[in-house]
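Colleague: Below is a structure I'd like to ask you about.
Readers should treat all values here as calculations from the given coordinates under stated rules, not as data from a laboratory. Bear in mind the structure is a predicted one, so any value in this text is a computation, not a measurement. Methodologically, a virtual Cβ is constructed for each residue, glycine included, from the backbone with ideal geometry; neighbour enumeration extends over all protein chains shown.
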Amino acid sequence: MPALADAVKILPVDQASQDPKFLAVRDKLLAAVRRRDVEAVVAVAAEDIKLSFGGDYGRDQFRQRLATDDNGEGGSYWAELEWALKLGGVFNGDHGRQFCTPYVSCTGSHQCGDCDPFETLVAVSDRAPVYATADSESAILTHLSYDVVTLVDYGSPRQRIRLADGRIGYVAFPDFRSPIGYRAYFEKREGRWQMRIFIAGD
């Protein structure tokens, strides 16, 4: 991580509007996610959509994960997909044929080159609370605006983190996201945008 005195930020960006056809696909998909329409969501996925680093592929697997609504850590798979989509992302690849979302997974290496993605969390709002303790009744220690913090220890529902000034605090989803949390990759093939990957980890 950078020196403690150097607070690093990963600022939000969303380039979806640069391609009106992609924007329409994403907005329609996000609406389907919010109403929990399994078949409408699966219809946007590629037939061989990649879902893990362990060999899980395909629409049937995707449909099953949506039906069980389990992100593998006791949380909601639907919620992970919704947050990945609504935080915005960036185009990459040749001629803007690929789109990566959320931005914290797609632009972080450029804005925080020294950050270890396994030890990094990013505030995804301009007033993300940091708590003094892990207790649900804890006072708020401070608020952060798109700052990068160091993950010290995983917890539930709050993670122990270190601020740029060295103080220890506690944060929680959805105010903070990991660069290696769930992210989606879209690709334009034969004129059609499809979600090719929805995955977490590294």
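Colleague: Rounded if a/c is under 1.5, else prolate if a/b is larger than b/c, else oblate: which is region 1-81, with a ≥ b ≥ c the root eigenvalues of its Cα gyration tensor?
Modeller: Taking the square roots of the gyration eigenvalues as a ≥ b ≥ c, region 1-81 is oblate.
Colleague: Which of the three applies to region 109-177, rounded, prolate or oblate, going by the alpha-carbon gyration tensor with a ≥ b ≥ c and a/c under 1.5 meaning rounded?
Modeller: Verdict is prolate for region 109-177.
Colleague: Continuing with the same structure: Which listed residue (Ser156, Ile199, Pro174) has the Cα farthest towards the positive end of the charge dipole for region 144-202, taking +1 on Lys and Arg C-beta and -1 on Asp and Glu C-beta about the Cα centre?
Modeller: The residue sitting farthest along the positive end of the dipole is Ile199.
Colleague: For region 151-202 and region 119-150, what is the separation of their C-alpha centers, rounded to whole Å?
Modeller: First find each Cα centre; the distance between them is then 14 Å.
Colleague: Here is a further query. Excluding Leu144 itself, what net charge comes from residues whose Cβ is under 12 Å from its Cβ, given Lys and Arg +1 and Asp and Glu -1?
Modeller: Once positives and negatives cancel, what remains is -1.
Colleague: Here's something else I'd like to know. With charges only on Cβ, +1 for K and R and -1 for D and E, what is the dipole size of the chain about its Cα centre, in debye, rounded to 20? Don't jump to the answer; show the numbers that get you there.
Modeller: Numbers: 24 positive and 29 negative charges, 122 e Å.
Dipole size: approximately 580 debye.
Colleague: Among 71-79, 97-105, 124-132, 53-61, what's the highest-first ranking by average C-beta atoms within 10 angstrom per residue? It would help to have the intermediate numbers written out before the result.
Modeller: On the way: 71-79: 13.9, 97-105: 23.4, 124-132: 17.1, 53-61: 12.3.
Sorting 71-79, 97-105, 124-132, 53-61 by mean packing, highest first, produces 97-105, 124-132, 71-79, 53-61.
Colleague: Nearest 10 degrees is fine. How inclined is helix 20-34 to the longest principal axis of the chain, computing both from alpha carbons?
Modeller: Taking the Cα atoms of the chain, the angle to 20-34 is about 70 degrees.
Colleague: According to the square roots a ≥ b ≥ c of the eigenvalues of the Cα gyration tensor, what is the shape class of region 41-88, taking rounded for a/c under 1.5, prolate for a/b larger than b/c otherwise, and oblate for the remainder?
Modeller: Verdict is oblate for region 41-88.
Colleague: In a shell of Cβ-Cβ distance under 12 Å around Ala46, excluding Ala46 itself, what net charge do Lys and Arg (+1) and Asp and Glu (-1) give?
Modeller: Value of the local net charge: +2.
Colleague: Determine the dipole magnitude for region 109-177: charges of +1 sit on the beta-carbon of Lys and Arg, -1 on that of Asp and Glu, nothing else is charged, the reference point is the Cα centre, and the result goes in debye to the nearest 20.
Modeller: 80 debye
Colleague: How big is the charge dipole of region 56-145 about its Cα centre, in debye rounded to the nearest 20, if each Lys and Arg gets +1 on its Cβ and each Asp and Glu gets -1 on its Cβ?
Modeller: 440 debye
Colleague: At a 10 angstrom cut-off on C-beta neighbours, averaged per residue, how do the peptides 11-23, 80-92 rank from highest to lowest?
Modeller: 80-92, 11-23
Colleague: Hey, another quick one. Report the number of Lys pairs in the chain whose alpha-carbons are under 27 Å apart, with separation of 8 or more residues or on distinct chains.
Modeller: Count of close lysine pairs: 10.
Colleague: To continue, here is another question. Provide Thr120, Thr142 in ascending order of the number of other Cβ atoms located within 10 Å of each residue's Cβ, fewest first. Could the numbers behind the result be given before it?
Modeller: Numbers: Thr120 23, Thr142 14.
The fewest-first ordering by Cβ neighbours comes to Thr142, Thr120.
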